[in-house]
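The values are calculated or read from the model by the stated rules, or taken from the named source; none is laboratory data. All of these numbers come straight from a predicted model, not from anything done at the bench. So basically every Cβ, Gly included, is an ideal-geometry build from the backbone, and we count neighbours across all protein chains shown. Side chains included, ligands, DNA and RNA excluded: accessible areas come from the protein's heavy atoms. Shrake-Rupley method; radii C 1.70, N 1.55, O 1.52, S 1.80 Å.
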Amino acid sequence: MELVQVPEKSLGNFYEGDCYILLSVSPGTQKVGSSLIYDIHYWIGSQSSQDEQGAAAVYTIQLDEFLGSGPVQHREVQNYESDAFRGYFKQGVIYKKGGVASGMRHTETNSYDIQRLLHVKGKKRISAMEVEMSWESFNLGDVFLLDSGKTIIQWNGPESNRQERLKGMLLAKDIRDRERGGRAEIGVIEGDTEGNSSKLMEILTSILGQRTSKLLNGMPDETADQQQKAQLTLYHVSDAEGQMKVTEVATRPLVQDLLNHDDCYFLDQGGVKIFVWKGKRANKAERQAAFSRALEFIKLKNYSTTTNVETVNDGAESALFKQLFQSWSVKDQTVGLGKTHNKFDATRMHVMPEVAAQERMVDDGTGQVEVWRIEDLELVPVEPQWHGFFYGGDCYLVLYTYEVHNKLNYLLYMWQGRHASQDEIAASAFQAVALDQKYGDQPVQVRITMGKEPRHFMAMFKGKMVIFEGGTSRKGVSDPEPSVRLFQVRGSDASNTKAIEVPALAASLNSNDVFLLRSQSGIHLWCGKGSSGDERAMAKEVSSVIGQHSTAEEIMAEGQEHIEFWNLLGGKAPYANSKRLQQAALDHQPRLFECSNKTGRFIVTEVTQFTQDDLSEDDVMLLDTWDQVFLWVGNEANEVERKEAVVTSQEYLRTHPGSRDPDTPILLIKQRYEPPTFTGWFTAWDPSKWSVSANDLLLLQMNSWSVSQLYLSIYSPKLGITSGIETMMSWIQKIHLPNLAVNSTQQTHGYIHFIGPIHTSHWEKAG
């Protein structure tokens with residue numbers, strides 16, 4: 001058996017009787033510390049032989065060793081491929097009948113002497129399977145392509161959605177361009193108006209015959225829900241006694257320290273996927289046998305033979321694997337003490353959105369700030385002199401306005417106090433919607449819970465932000481103010497400083513920070529031994545705000561306290577005085593998801609190798625950067641999805657396998673109003689992608705043709721419609737297909753090598 005490289009024009013085409021090996025190479029990151037990241041996928045056709053499957057596994061192991069045991073290995077089974085695998089083929093994958101093992105010859109892809117029917121399924125993850133050339137293969141819910149060589153006819157089921165139809169057209173175009181050299185014509189039939197495409201129907205019936213029975217509804221895709229994926233179990237694997245021994249170690253939540261470098265482990269994700277982790281000090285026999293042991297484990301658990309398997313090496317784990325743990329740190333990389341605080345340059349944020357994304361800052365916070373407090377379920381303006389004061393018994397709305405290229409942009413923050421009532425929290429959400437509508441649905445909405453304030457929120461108050469544990473700032477409230485209050489000050493400059501009220505006890509002190517003790521006698525500024533000069537300077541700024549009615553301010557260093565200080569804190573007591581450990585830098589890559597609960601189950605589908613084109617106008621998409629979650633709402637998303645967007649994100653955090661913090665900030669973003677903190681995560685973001693002139697919109701409203709009919713006029717001029725091609729192409733370029741001309745094999749996150757398929761001939765050792 002040997003490996004045969006697949007020609008570029010055939011990428012994305014897989015024969016059911018073969019096995020394939022795919023090597024993906026992408027740039028490394030500074031955190032990973034590698035110049036290149038490798039992923040090896042070996043794909044198993046449904047009709048491939050056991051010998052071919054075994055050879056594919058052997059070649060995968062040899063390739064892994066040749067690349068220094070660094071690649072992540074994936075076992076992919078036809079129809080059940082991982083999101084990562086599907087992400088390489090944005091136009092979709094095509095399953096073809098044939099293959100050496102089945103005794104059939106491969107179809108010559110550049111020949112016009114061909115007749116096949118492709119069943120297209122999926123929305124984000126498109127696949128096309130060759131099915132029987134018969135009306136019996138059709139259904140009402142999917143898209144079908146009849147390929148007769150010189151003509152490709154797309155039949156859209158009446159119950160298929162717009163995104164499926166668009167993807168079907170892109171797949172048809174891809175077949176035309178790569179397999180026919182651009183010399184085939186494409187026509188489209190809408191299943192509910194077949195009479196409008198009489199010429200195309202004649203071609204269809206001449207090949208398939210007359211339809212004699214009623215078409216059935218389409219079958220929904222079987223997809224595992226998020227709740228199932230959250231069922232994590234970690235197993236220790238050993239074959240020290242000559243046979244596999246699997247021992248359960250822990251269930252969700254998992255921590256990184258459970259993995260021992262001397263051993264191998266299985267991580268079972270609810271039977272949906274099995275991860276194999278190979279410790280760097282595990283013996284060679286165990287490492288080499290780990291993958292085959294995983295297949296034995298699948299049989300032992302009575303899981304489906306199509307269960308996806310991913311093998312990761314100690315120190316070269318995939319982003320997907322890392323996110324199954326509560327936290328994942330990078331060896332020898334820390335932040336915290338000793339971190340250099342570079343001067344913040346706001347001018348770079350919109351010129352370089354990737355910087356804005358990394359810094360979580362749209363600008364330096366010098367825009368216009370308006371603050372309202374929820375009072376009797378209504379909005380009450382907060383006077384400017386009290387901006388930056390937040391009470392744990394209240395909820396606030398903060399509208400931030402900033403200008404970019406002579407255009408106003410808005411951020412709408414919803415701050416929820418820890419002790420606010422449920423009615424006030426609900427009212428803050430309701431009032432946020434009303435305020436959002438007042439500004440034309442343009443503001444980016446950010447939900448913040450007390451103590452989880454993002455950097456830009458703090459920057460708006462220029463180092464003078466104070467959070468009171470309880471109470472309210474409402475007028476007329478007669479709750480007496482405590483005679484002694486203690487505040488912990490954290491931050492080193494005006495963009496990241498806040499003072500948080502803590503219990504006025506000596507046990508609340510920490511040698512690494514600065515504290516403000518306010519009493520009737522004045523302000524005491526206590527500087528811990530581990531605090532920096534910048535932190536002390538910012539504490540003085542905050543003290544001028546907290547102590548505005550005080551007559552005196554006293555600065556004292558740790559160890560120089562007088563008796564009055566300890567008496568105000570209820571007496572001297574032990575407190576945290578060891579040097580704060582540097583915080584391990586978390587290593588989590590941004591991930592894009594399509595979220596849906598239309599079926600009653602919460603379904604999350606990852607979009608890998610994501611680009612701006614993956615943001616569909618009729619969807620709600622979720623971008624997870626770990627410390628914050630973005631919800632992107634397309635202009636044509638249905639009303640239910642719009643209303644439940646925030647609930648969807650909270651459900652995502654609740655069911656995340658990594659046991660996420662439920663108070664993670666959530667940002668709600670509308671199409672065409674994306675801030676640089678969002679666009680910076682996408683490669684080559686095009687701000688004009690969804691821009692349409694009023695004249696174009698008017699022309700589009702006047703035009704009665706469907707999008708599919710516009711396609712027909714462009715791709716099938718010989719089939720009866722030829723007028724207005726240039727105008728219609730410009731509409732589609734602007735509105736529906738801005739990247740229609742992009743080569744279907746273009747990759748933006750790396751490049752792909754295809755090695756395979758594997759043919760039966762003679763055995764050659766892979767070099």
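Details
- Among (1) at pLDDT below 80; (2) over 17 Å from V120 (Cβ atoms); (3) surrounded by fewer than 17 Cβ atoms within 10 Å (Cβ to Cβ) - the single one R211 does not satisfy: (1)
- In segment 141-154, the residues that are on the phi > 0 side of the Ramachandran plot never reach a residue that is in a strand (DSSP E or B) and not polar (S, T, N, Q) with C-beta atoms less than 9 angstrom apart, at least six apart or across chains.
- M465 closer than 27 Å to W632 by Cβ, crowded, with 19+ Cβ neighbours inside 10 Å and either outside the structural domain of L516 (by the TED database) or not charged (D, E, K, R) (or both): no
A quick yes/no check of all residues on (1) at negative phi; (2) in contact (Cβ under 8 Å) with a residue 40 or more places away in the chain; (3) under 42 Å from the mean Cα position of the chain (by Cα):
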position: H456; (1), (2), (3): yes, yes, yes
position: A459; (1), (2), (3): yes, yes, yes
position: A507; (1), (2), (3): yes, yes, yes
position: D513; (1), (2), (3): yes, no, yes
position: S519; (1), (2), (3): yes, yes, no
position: H524; (1), (2), (3): yes, yes, no
position: K540; (1), (2), (3): yes, no, yes
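- Residue match in segment 443-457 (condition: out of contact with any Phe, Trp or Tyr (no Cβ under 6 Å at 6 or more places or on another chain), under 17 Å from P676 (Cα atoms), among the basic types (K, R) and open to solvent by 10 Å² or more (accessible area, probe 1.4 Å)): yes
- Among the residues of segment 168-182, not a single one is in contact with a Lys or Arg (Cβ under 6 Å, 6 or more places away or on another chain) and in a strand (DSSP E or B).
- Qualifying residue in segment 569-582 (condition: open to solvent by less than 10 Å² (accessible area, probe 1.4 Å), modelled with pLDDT of 85 or more and either under 30 Å from M361 (Cβ atoms) or within 12 Å of the chain's Cα centre (by Cα) (or both)): no
- Remark: pairs (first residue in segment 426-443, under 18 Å from N635 (Cα atoms) and at pLDDT 90 or above; second residue part of a helix (DSSP H, G or I) and among the acidic types (D, E); Cβ separation under 6 Å; 6+ apart in sequence or on different chains) = P443/D436.
Table: residues versus (1) open to solvent by less than 30 Å² (accessible area, probe 1.4 Å); (2) at pLDDT 85 or above; (3) among the basic types (K, R); (4) within 29 Å of the chain's Cα centre (by Cα).
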residue	(1), (2), (3), (4)
M1	yes, no, no, no
V6	yes, yes, no, no
L22	yes, yes, no, yes
L36	no, no, no, yes
G54	no, yes, no, no
Q62	no, yes, no, no
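- Exclusive hit being under 30 Å from L569 (Cβ atoms) and at pLDDT 90 or above, set T472, T497: T497
- If you go through segment 185-195 and pick out every residue that is in contact (Cβ under 8 Å) with a residue 40 or more places away in the chain and of a type outside the set (V, I, T), you end up with 4.
- Residue list for segment 363-381, restricted to those being acidic (D, E) and part of a strand (DSSP E or B): E370, E375, E378
- Candidates are the residues of segment 628-683 that are aromatic (F, W, Y) and within 16 Å of the chain's Cα centre (by Cα); the one that is most open to solvent (accessible area, probe 1.4 Å) is W681.
- Residues of segment 251-276 classified as surrounded by 14 or more Cβ atoms within 10 Å (Cβ to Cβ) and over 24 Å from Q288 (Cβ atoms), total: 6
- Single residue of segment 373-405 satisfying the filter (in contact with a Leu (Cβ under 9 Å, 6 or more places away or on another chain) and free of Cβ contacts under 8 Å to residues at least 60 places away in the same chain) that is farthest from K464 (Cα to Cα): L379
- Identity of the residue in segment 66-89, touching a residue at least 12 places away in the same chain (Cβ under 8 Å) and among the small types (G, A, S), that ends up nearest to I44 (Cα to Cα): S82
- Counting only strands (runs of 3 or more DSSP E) that sit wholly inside segment 469-571, those with at least 2 residues that are closer than 17 Å to F389 by Cβ are 485-490, 498-502, 514-519.
- Answer from V489, V514, V502 - the residue that is in contact with a Cys (Cβ under 6 Å, 6 or more places away or on another chain) and farther than 23 Å from G367 by Cα: V514
- Residues in segment 158-175 that are over 17 Å from T193 (Cα atoms) and open to solvent by 10 Å² or more (accessible area, probe 1.4 Å): Q163, E164, L166, K167, L170, K173, D174.
- Only residues that are open to solvent by 50 Å² or more (accessible area, probe 1.4 Å) and either aromatic (F, W, Y) or closer than 19 Å to T251 by Cα (or both) were counted across segment 301-332, and they come to 4.
- Within segment 583-618, the set of residues being among the hydrophobic types (A, V, I, L, M, F, W, C) and modelled with pLDDT of 80 or more comprises L592, F593, V607, F610, L615.
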